1. In whole Hz, what ³J(HN,Hα) sequence does the range 91-96 give by Karplus (6.51, -1.76, 1.60; θ = phi - 60°), x for Gly and Pro?
2. What is the sum of charges, Lys and Arg at +1 and Asp and Glu at -1, for the other residues whose Cβ falls under 14 Å from the Cβ of Asp12?
3. Given the -39500 (n - 2.57) contribution per DSSP H run of 4+ residues, what per-residue ellipticity at 222 nm results for the chain, rounded to the nearest 500 deg cm²/dmol?
4. Relative to the longest principal Cα axis of the chain, at what angle does helix 20-32 sit, 0 to 90 degrees, rounded to 10?
5. Keeping all protein chains in place and using 1.4 angstrom, which order do Thr36, Thr27 fall into by accessible surface area, from largest down?
6. With +1 assigned to the C-beta of every Lys and Arg and -1 to the C-beta of every Asp and Glu, and no other charges, what is the dipole magnitude of the chain about the Cα centre in debye, to the nearest 20?
7. Leaving out ligands and nucleic acids, note down the accessible area per residue over the chain with a 1.4 angstrom probe, in whole Å².
8. Could you give the size of the charge dipole of the range 90-139 about its Cα centre, using +1 on the Cβ of each K and R and -1 on the Cβ of each D and E, expressed in debye and rounded to the nearest 20?
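The values are calculated or read from the model by the stated rules, or taken from the named source; none is laboratory data. For clarity, every value in this text was computed on a predicted model and none was experimentally measured. Quick reminder, even Gly has a Cβ in these numbers, built from the backbone with ideal geometry, and neighbours come from all protein chains shown. When the accessible area is computed, the model is the full protein with side chains, heavy atoms only, and any ligands, DNA or RNA have been set aside. Shrake-Rupley method; radii C 1.70, N 1.55, O 1.52, S 1.80 Å.
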Amino acid sequence: MALYAYALISIDGAKCQDQTAPGNRMTQLLSLNPSTFSFVKSQPAETRAEMIDMAIAAEKHTSSARRDDDLICRGGLEEYKAALEGGTQTEVPNSTGHFGKTFQVAPPADWKPKFAPPEVYRPKQEIARNAMREALLKLIQ
């Protein structure tokens, strides 16, 4: 499922008008799941290839049913900008070893990410889809 999530972020992230958002989601996926990716990397080459095949097949199978993904397109610079300009800022406790003040920012309640038009994102999706096997192989080597 982690490989499928990687494929979704890579492919459907092309729909986001704010292209910093999918990069943020990719960073979250990779940094919050190091043991998952370590496990995958430790598997025999044949098993890794089967995992990649399953992720690609799942992406292909679900592609026609997927709609604009609000989650993939959140967390980018546009959302942070909206939060700073018209959202809420709440002071939160610092984590150990940090000094100064830490604030959590949230965009206005009605803020929603914007999506690129299909004529812009579809070619990018096809490029990402065609490169997915190689990208996943590189990820889990």
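1. So the J values, rounded to whole Hz, are 6, 10, x, 6, 6, 3.
2. Local charge sum for Asp12: +3.
3. Calculated mean residue ellipticity at 222 nm is -18000 deg cm²/dmol.
4. 70 degrees
5. Most to least solvent-accessible, the answer reads Thr27, Thr36.
6. Computed charge dipole of the chain: roughly 180 debye.
7. 65 Å²
8. 200 debye
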